[in-house]
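**Student:** Pasting a structure here, questions to come.
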Amino acid sequence: MKLATLNNGSKDGQLIIASKDLSKYTIPIEIAPTMQNAMDNWDNVQDDLVYLSKQLENGNVESKPFDSKNIHSPLPRAYQWADGSAYVNHVHLVRKARGAEMPESFWTDPLMYQGGSDDFMPPLSPIYLPDESWGIDMEGEIAVITGEVKMGTKPDEAINAIRLIMLVNDVSLRNLIPNELSKGFGFFQSKPSTAFSPVALTPDELGSLWEDGKVKQVLEVDLNEEPLGRVNAGVDMTFNFPELISHACKSRNLSPGTIIGSGTVSNRDKNGGPGKSIKQGGLGYSCIAEIRMVETILNGKPLTPFMKFGDKTRIEMKDKNGESIFGKIEQTVEKV
């Protein structure tokens, strides 16, 4: 089942059910008015939503054409957005580029930060920012939306709390990060609004691409219509989503509608090196920062610039037939 939120001008939008091929949608108005309402009442509405989804596929309900231009992020705002760093190769490159050793605990205890969740961007909206010197970067990620999770829930139980899966553009302002982290109190200004894919889908929708709490498919990331990354989200994921959820609920309960992100999707180079660009025959990168890290490791300094006003990124995942699974995130950086 694929769910989305129609951008109708209200704070939380209108919940809709999208067809598998993203060609049409129907409104489950009598079941749940918003995505958050569906999350809050999932046990009571899931069967009805699934039934209506099947009716949509069979052409037995009223429908309208699906157009991502009219769609908001699945949750236009959420009670909680916590982003992990499950691909430790990415963290390793960050540390190596600045000549720092990586603590062994990074392989056993996930990194995670709490992001701003009150103002998500639609998947096709511009990235509005006032200053391109802040080091604007995209980050291609995967995220899950959870149901209620009790404090202390272990991974083998946490997997049952995963309601929906979606893609992420976790925008980062790289040149603001060092000053913030030097204060010892984490990200804030350097992490502006985030965008998610047009649709979020139930894990069963992925079939064999969902296994061991991971999405085992290539994540496509483009910069200015050129391939930047073709990295497999199921490879080199040190911590799967149940483990990330369990980490997040160590000291708190998680409310229905909590979003847990994977962090930048990153694969090791097959020959053991720091990674290669697609032009060099590698898998590329899911963010600009990573290619800059590799350039620093190999050349002593970064060469690739961060995004400027007018630059565009696309983040998308396709099935084995080349069809878009989640719809695409496609955003252009614009001056506010």
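The values are calculated or read from the model by the stated rules, or taken from the named source; none is laboratory data. Computed from a predicted model, the values in this text were never measured in an experiment. Here the Cβ is made from the backbone with ideal geometry for all residues, glycine too, and neighbour counts use every protein chain on show. Surface areas here come from the heavy atoms of the whole protein model, side chains and all, with no ligands, DNA or RNA. Shrake-Rupley method; radii C 1.70, N 1.55, O 1.52, S 1.80 Å.
**Student:** Per residue, how much accessible area does the chain show when a 1.4 Å probe rolls over the protein heavy atoms, in square angstrom?
**Tutor:** On a per-residue basis, 45 Å².
**Student:** Using the alpha-carbon centroid of each, what span in Å lies between segment 189-242 and segment 293-336?
**Tutor:** What the calculation gives is 13 Å, centre to centre.
**Student:** Local charge sum around LEU164 (other residues, Cβ-Cβ under 10 Å, Lys/Arg +1, Asp/Glu -1)?
**Tutor:** +1
**Student:** Separate question: Among the aspartates and glutamates, select those whose C-alpha is under 15 Å from the C-alpha of LYS150, and discard any that sit fewer than 8 residues away in the same chain.
**Tutor:** Of all the aspartates and glutamates, those that pass the test against LYS150 - Cα under 15 Å, at least 8 places apart if same chain - are ASP40, GLU243.
**Student:** Additional query: Cα-Cα over 18 Å: which of LYS96/LYS183; LYS24/LYS214; LYS2/LYS318; LYS301/LYS335; LYS96/LYS214; LYS69/LYS191?
**Tutor:** Flagged as over cut-off: LYS96/LYS183; LYS24/LYS214; LYS301/LYS335; LYS96/LYS214; LYS69/LYS191.
**Student:** Mind checking the log10 I(q)/I(0) for segment 78-163 at q = 0.16, 0.20, 0.27 Å⁻¹? Debye, one equal scatterer per Cα, no solvent, two decimals.
**Tutor:** Values returned for q = 0.16, 0.20, 0.27 Å⁻¹ are -0.94, -1.22, -1.44.
**Student:** Which order do you get for LEU201, LEU124, LEU303 if you rank them by accessible area with a 1.4 Å probe, largest at the top?
**Tutor:** Result of the area sort, largest leading: LEU303, LEU124, LEU201.
**Student:** As an exercise, take the mean of 1/r over every pair of distinct alpha carbons in the chain, invert it, and state the Kirkwood radius in angstroms. Mind showing how you got there, number by number?
**Tutor:** On the way: mean 1/r = 0.0497 Å⁻¹.
With all distinct Cα pairs of the chain included, I get 20.1 Å.
**Student:** Run through all the Cα pairs of segment 219-336 and give the fraction in each 10 Å bin from 0, expressed as whole percent.
**Tutor:** 12, 35, 33, 18, 2
**Student:** Of SER190, SER182, which has the most accessible area and how do the rest follow, probe 1.4 Å?
**Tutor:** SER182, SER190
**Student:** Using a 1.4 angstrom probe and counting only protein chains, how large is the accessible area of TYR128 in Å², to 10?
**Tutor:** Number for this one is 120 Å².
**Student:** While we're here: For PHE309, tell me the accessible area in Å² from a 1.4 Å probe, rounded to the nearest 10.
**Tutor:** About 70 Å², ignoring ligands and nucleic acids.
**Student:** Here is a follow-up. Could you tell me, in Å, what Rg and Dmax come out for the Cα atoms of segment 210-249?
**Tutor:** Final numbers for Rg and Dmax: 12.9, 39 Å.
**Student:** Can you send over the solvent-accessible area of ASP47, 1.4 Å probe, protein chains only, in Å² to the nearest 10?
**Tutor:** About 120 Å², rounded to the nearest 10.
**Student:** Nearest 20 debye, what's the magnitude of the dipole of segment 50-166 about its Cα centre given +1 on Lys and Arg Cβ and -1 on Asp and Glu Cβ? List each step's numbers first, then the result.
**Tutor:** Working: 10 positive and 17 negative charges, 49 e Å.
Charge dipole, segment 50-166, about its Cα centre: 240 debye, nearest 20.
**Student:** Run the accessible area of the chain with a 1.4 Å probe and give the carbon-and-sulfur part as a rounded percent.
**Tutor:** After summing per-atom areas, the C and S share lands at 47 percent.
**Student:** Give me the dipole magnitude in Debye, nearest 20, for the chain about the Cα centre, with unit charges on the beta carbon: positive for Lys and Arg, negative for Asp and Glu.
**Tutor:** 780
**Student:** Would you list ILE136, ILE177 from the most to the least accessible area, probe 1.4 Å?
**Tutor:** The most accessible residue leads, giving ILE177, ILE136.
**Student:** Here's something else I'd like to know. What number results when the radius of gyration of segment 108-238, computed over Cα atoms, is divided by 2.2 N^0.38 Å?
**Tutor:** This ratio for segment 108-238 stands at 1.16.
**Student:** Let me ask you something else. Under 8 Å for C-alpha pairs, at least 6 residues apart: give me the relative contact order for the chain, rounded to a whole percent.
**Tutor:** 22
**Student:** Let me ask something else about it. Using Cα pairs closer than 8 Å and at least 6 residues apart in sequence, work out the relative contact order for segment 196-281, in percent.
**Tutor:** Computed value for segment 196-281: 24 percent relative contact order.
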